[in-house]
Amino acid sequence: MAVEEEQPEKGFVKEIRKQSQDFPGWYNDVVRKAELADYSAVRGCMVIRPYGFALWENIRNALDALIKKTGHENWYFPMLIPLSFLQKEAEHVEGFAPEFALVTRGGGKELEEPLVLRPTSETLLATTLRDYVQSYRDLPVLTNQWNNVFRWELRTRLFLRTMEFLWQEGHTFHETSEEAEKEVYTMLECYRQIAEEWCAIPVIPGRKSEIEKFAGAQYSTAIEALMKDGKALQAATSHYFGENFTRAYDLTFTGRNNEKQYPHSTSWGMSTRIVGALIMVHGDESGIQMPPMVAPIQVVIVPIFRSEAERSQIAAALAPVLEDLSEIRLKQDWRDQRPGFKFSEWELKGVPVRIEVGPRDLARNEVTVVRRYDRAKEAIGLRDLGVRIPAMLKQIQDAMFARAMEFRTTNTVRLDSLPAMVEHFQRGSGFVLTPWCGSAEDELKVKELTGATTRVIPTGSVAPAAACAVCGKPAATEVIWAKAY
RNA sequence: CGGGGCGUAGCGUAGCCUGGUUUAACGCGCGUGGUUUGGGACCACGAGAACUCGGGUUCGAAUCCCGACGCCCCGACCA
């Protein structure tokens, strides 16, 4: 009951700041009050609580299945990496050095060489695979690992940027550049599927600019999503390294021509940040909204009763229903709280469907079903739930994606001049699509004038027959600009 | 790293300016008992804080002074 401001019309929320007035405050309240995650003893690190971790697990399981389906195998590499490994690739170390966390002591004495808590594992992969790859017959090597990484961040936010986070990092090594580049886009497509089909988050896949690419990559690709506050969030990335890392780490193979060659490598990752994206795309003034496919709890049953007799009546009536819904992630809430309290709490936590069962319902052999998506309420016969609930979950999943897509569409504009961009970004953000010549000076100029950066050059977009919106030279591509997380 | 703010019970705060009826208060939460239960219930009783840490001033410090540490916000930085 921390908030004194006037209640929203519906009067359902008491504990979270208003999304419309204080988006960052709202986000923070929702993450903590919905019991997804909390701060920890160390600044910038977080405790992921069971409800939040269950959400991550659902996303992870879906992605892990896709990764395996596309031919990759899970490995595990150590978290401690000798500092010298990181220092071998100049661009890479330059990009990451400020974020290193070093271990300098062990066993009570100073270490010969500091160890880095992995910020990412490219260097370790390339080094290790030297022992396993000799011939073109040993390629491709398609690896993935689920782990934690550390980056010493100055400003942190739960899920979006923490010093330690969970992700998967895939690393692959190929005989040819064609094969490696194909891999980059195969994995980007996997990420698109996870984001759009599982998390109901519309994304734009495409290529990052030179400035925005990963340190050490030839080029980077990403999927970009638009949050409800108009800011962009990179939801996953996939990089092409060419021979950059294999040369730097002297990973070679003997090719079909009997000559020593360097494999072409890639890496790609999706992190717990996707959880933050999901919250900021679907959440509203009442809290989170979980897309049914990844929701830790898809259906919650709130029994309403006054007496022991009513209680057992409800329990008895529910028994066959529970059998019909055995495929659903379902929770019964028999806690000793008033129903209204439970309604609010489950809405805050974003459970897609709530089933209310009380004496009035049972008298008609029905239950009251309420959708979190729009609070639509309807009576459904007890025997129909086994069919109606799965259909409803599917319908909610689709509706959530459609609504997010509509938001993105109405918040995407085409502009063709720098003054128009400056004027636009003074009012807010959203996606801004412009013709662009591709020069880094333009990016820096726009960033200085507006705070916005290039997010992505959409896959499949063609060079418009137009002048670059920033400098007026002939455009080489279309590009999306936005203020970003 | 620059600018600003804050450290008082599990959480959110009041008290501080103007030291002493403060035995540090209030709300939420927590425990027990009871009445309740279809949109965040109510009553009663109860547990819970040597006020971030270290110095100093003073007869007396949560309160004033100095220092340290931690956290938050803004900026810079940033897969």
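The values are calculated or read from the model by the stated rules, or taken from the named source; none is laboratory data. Not measured: the values here are computed from a predicted model. Positions of Cβ are backbone-derived with ideal geometry, glycine not excepted, and every protein chain shown enters the neighbour counts. Each accessible area value is taken on the protein alone, full model and side chains, heavy atoms only, with ligands, DNA and RNA left out. Shrake-Rupley method; radii C 1.70, N 1.55, O 1.52, S 1.80 Å.
Using only the Cα atoms of chain A, what do you get for the radius of gyration and for Dmax, in Å?
Answer for chain A, Rg first and Dmax second: 25.4, 83 Å.
Over chain A, average the accessible area per residue using a 1.4 Å probe and give it in Å², no decimals. Mind dumping the intermediate values first?
Details: 21880 Å² over 485 residues.
Accessible surface, normalised per residue, equals 45 Å².
Could you name the lysines in cross-link range of A:LYS182, using Cα to Cα under 22 Å and dropping any fewer than eight places away on the same chain?
Cross-link targets: A:LYS68, A:LYS69, A:LYS208, A:LYS213.
State the answer as a single residue: which of A:PHE245, A:TRP56, A:ASN148 lies farthest towards the positive end of the charge dipole of the range A:23-282, with beta carbon charges of +1 for Lys and Arg and -1 for Asp and Glu, about the Cα centre.
Of A:PHE245, A:TRP56, A:ASN148, it is A:TRP56.
Could you give the angle, 0 to 90 degrees to the nearest 10, between helix A:23-33's Cα long axis and the longest principal axis of the Cα atoms of chain A?
Here the helix axis deviates by roughly 70 degrees.
With angles folded into 0 to 90 degrees, how steeply does helix A:385-410 sit against the dominant principal axis of chain A? Use alpha carbons for both and round to 10.
Around 50 degrees separate the two axes.
Per the helix-only calculation at 222 nm, which mean residue ellipticity applies to chain A, given -39500 (n - 2.57) for every DSSP H run of n ≥ 4 and division by its residues, nearest 500 deg cm²/dmol? Spell out each step's value before the answer.
Numbers: 14 runs with 161 residues, N = 485.
Result for chain A, helices only: -10000 deg cm²/dmol.
What is the local net charge at A:ILE328, summed over the other residues whose Cβ is closer than 12 Å to its Cβ (Lys, Arg +1; Asp, Glu -1)? Could you put the intermediate results ahead of the total?
Working: positive: A:ARG329, A:LYS331, A:ARG388, A:LYS394; negative: A:GLU323, A:ASP324, A:GLU327.
Combined, the nearby Lys, Arg, Asp and Glu give +1.
Once the dipole of chain A is set up with Lys and Arg at +1 and Asp and Glu at -1 on Cβ about the Cα centre, which of A:VAL47, A:LEU80, A:PRO352 lies farthest towards its positive end?
A:PRO352
Enumerate the aspartates and glutamates that A:LYS88 could reach by cross-link, defined here as Cα to Cα under 15 Å, with residues fewer than 8 away along the same chain left out.
The qualifying aspartates and glutamates are A:GLU113, A:GLU122, A:GLU243, A:ASP250.
Going by average Cβ neighbours within 10 Å, how do the peptides A:460-469, A:475-484 rank, with the highest at the top? It would help to have the intermediate numbers written out before the result.
On the way: A:460-469: 15.0, A:475-484: 21.9.
Taking the mean over residues of other Cβ atoms within 10 Å, the ranking is A:475-484, A:460-469.
Take the solvent-accessible surface of the protein heavy atoms, probe 1.4 Å, and return the percent of it on the range A:299-396 that carbon and sulfur atoms account for. Each step should come with its number before you reach the end.
Working: 2490 of 5150 Å².
After summing per-atom areas, the C and S share lands at 48 percent.
If you take every DSSP beta bridge whose two residues both sit in the range A:412-482, what share of them, in percent to the nearest 5, is antiparallel? Don't skip to the end; give the middle numbers.
Numbers: 9 of 12 bridges.
About 75 percent, rounded to the nearest 5.
Regarding the range A:36-192, what's the average projected area of the Cα-atom convex hull, expressed in nm²?
Averaged projected hull area, Cα only: 11.4 nm².
Taking the Cα centre as origin and putting +1 on Lys and Arg beta-carbons and -1 on Asp and Glu beta-carbons, what dipole magnitude results for the range A:23-282, to the nearest 20 debye? Could you put the intermediate results ahead of the total?
Numbers: 28 positive and 34 negative charges, 143 e Å.
Approximately 680 debye in magnitude.
At a Cα cut-off below 12 Å, give the aspartates and glutamates reachable from A:LYS109, other chains included and same-chain residues fewer than 8 away excluded.
none
Given charges of +1 on the Cβ of Lys and Arg and -1 on the Cβ of Asp and Glu, with all other atoms neutral, how large is the dipole of chain A about its Cα centre, in debye to the nearest 20? Write down the numbers at each step before the final one.
Values: 59 positive and 66 negative charges, 195 e Å.
Dipole magnitude for chain A comes out near 940 debye.
Would you give the gap between the C-alpha center of the range A:302-379 and the C-alpha center of the range A:20-78, rounded to a whole Å?
The distance from the Cα centre of the range A:302-379 to that of the range A:20-78 comes to 28 Å.
Count the net charge of all other residues whose Cβ sits under 13 Å from the Cβ of A:ILE480, scoring Lys and Arg as +1 and Asp and Glu as -1.
Net charge around A:ILE480: +3.
At q = 0.21, 0.24 Å⁻¹, what log₁₀ I(q)/I(0) does a Debye calculation on the Cα points of the range A:299-396 give, no solvent, two decimals?
So the normalised log intensities are -1.11, -1.47.
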